Amino acid sequence: MAPESFNVQPNRFLLRIYTRSYGLIEIVNTQFEGIGKISERNEPFNTFAHQVHLLAHAANPSIRFLRGTNWLNYIFSLLMTAVIGLIVVLLGIYFLMAGAFIIALVKLLILPFFTPLLFRYLKNNKPGSYDPLQIPEQLLPKKQPSE
């Protein structure tokens with residue numbers, strides 16, 4: 001299970017179930033209702049996720065419950081973060097030295113916007129396992145006030 005945040009859907013959560021019979025099953029907490037209209041189904045998603053965990057654990061206590069992405073993807077994300085960060089900084093320095101202050105300023109203004117998003121992605125997608133009887137709260141969507 002892992003949060004899958006996008007700018008369009010910042011509160012999208014995904015539950016992946018790998019089975020021998022049916023292969024990969026993906027369940028999300030959102031529903032597409034039309035262009036630009038995506039609703040969240042947090043309460044039913046949370047209930048379903050808890051029930052799946054309880055039943056799967058009861059059926060086979062040796063099942064592994066994994067969070068985040070796999071290590072290869074995570075390391076690749078870390079490397080890409082470092083490379084892109086270095087490129088942005090070097091381009092900013094280059095544009096400052098070349099006298100293109102506006103372009104350098106734009107690059108510097110982009111950093112504070114994307115940096116928290118990037119670190120949240122890295123934190124939420126760090127690979128690991130968890131206890132199915134105590135699902136970490138960051139793996140489940142927060143209950144909406146109207147629910």
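Can you confirm whether segment 85-107 contains a residue that is assigned to a loop (DSSP other than H, G, I, E, B), more than 14 Å from L15 (Cα to Cα) and open to solvent by less than 70 Å² (accessible area, probe 1.4 Å)?
Looking for residues that are assigned to a loop (DSSP other than H, G, I, E, B), more than 14 Å from L15 (Cα to Cα) and open to solvent by less than 70 Å² (accessible area, probe 1.4 Å), one finds at least one in segment 85-107, hence yes.
Looking at segment 57-67, can you tell me whether even one residue there is open to solvent by less than 70 Å² (accessible area, probe 1.4 Å), farther than 18 Å from L15 by Cα and without any contact (Cβ under 8 Å) to a residue 60 or more places away in the chain?
First, pick out the residues of segment 57-67 that are open to solvent by less than 70 Å² (accessible area, probe 1.4 Å): 57, 60, 63, 65, 67.
Those still in the list that are farther than 18 Å from L15 by Cα too: 60.
The next check asks that each one be without any contact (Cβ under 8 Å) to a residue 60 or more places away in the chain; those that pass are 60.
So far as segment 57-67 goes, yes, one or more of its residues are open to solvent by less than 70 Å² (accessible area, probe 1.4 Å), farther than 18 Å from L15 by Cα and without any contact (Cβ under 8 Å) to a residue 60 or more places away in the chain.
Quick one: would you say A98 is of a type outside the set (S, T, N, Q) and in contact with a helix residue (DSSP H, G or I) (Cβ under 9 Å, 6 or more places away or on another chain)? Give the derivation first.
Values: of a type outside the set (S, T, N, Q): yes; in contact with a helix residue (DSSP H, G or I) (Cβ under 9 Å, 6 or more places away or on another chain): yes.
Yes, satisfied.
Identify the residue in segment 46-95 that is among the β-branched types (V, I, T) and within 17 Å of L139 (Cα to Cα) and, among all such residues, is modelled with the lowest pLDDT. Break it down stepwise before answering.
Start the filter on segment 46-95 by keeping residues that are among the β-branched types (V, I, T), which leaves 47, 52, 63, 69, 75, 81, 83-84, 87-89, 93.
Going one step further and asking which of them are within 17 Å of L139 (Cα to Cα), we end up with 47, 52, 69.
On the way: T47: 91, V52: 91, T69: 83.
Within segment 46-95, the match that is modelled with the lowest pLDDT is T69.
Would you please list the contacts, defined by Cβ atoms under 9 Å and residues six or more apart or on different chains, that run from a residue in segment 105-129 that is over 18 Å from L78 (Cα atoms) and in contact (Cβ under 8 Å) with a residue 40 or more places away in the chain to a residue that is open to solvent by 60 Å² or more (accessible area, probe 1.4 Å) and in a strand (DSSP E or B)?
Correct list of pairs: S129/L66.
I need a count of the residues in segment 1-45 that are of a type in the set (G, A, S), modelled with pLDDT of 80 or more and open to solvent by less than 40 Å² (accessible area, probe 1.4 Å). Break it down stepwise before answering.
We begin by selecting, within segment 1-45, every residue of a type in the set (G, A, S); these are 2, 5, 21, 23, 34, 36, 39.
With modelled with pLDDT of 80 or more added as a condition, the list becomes 21, 23, 34, 39.
Keeping just the survivors that are open to solvent by less than 40 Å² (accessible area, probe 1.4 Å) gives 23, 34, 39.
Residues in segment 1-45 being of a type in the set (G, A, S), modelled with pLDDT of 80 or more and open to solvent by less than 40 Å² (accessible area, probe 1.4 Å): 3 in total.
Go over the candidates P132, P116, P112, P141 one by one and state the one that is touching a strand residue (DSSP E or B) at 6+ places or on another chain (Cβ under 7 Å) and either open to solvent by less than 80 Å² (accessible area, probe 1.4 Å) or in a helix (DSSP H, G or I) (or both).
P141
What is the residue count in segment 68-84 for residues that are open to solvent by less than 70 Å² (accessible area, probe 1.4 Å) and in a helix (DSSP H, G or I)?
Result for segment 68-84: 4.
The values are calculated or read from the model by the stated rules, or taken from the named source; none is laboratory data. Because the structure is predicted, anything quoted here is derived from the model rather than measured. Positions of Cβ are generated from backbone atoms using ideal geometry, with glycine treated the same way; all protein chains shown enter the neighbour counts. The protein model used for the area step is the full one, side chains on, heavy atoms only, and it has no ligands, DNA or RNA in it. Shrake-Rupley method; radii C 1.70, N 1.55, O 1.52, S 1.80 Å.
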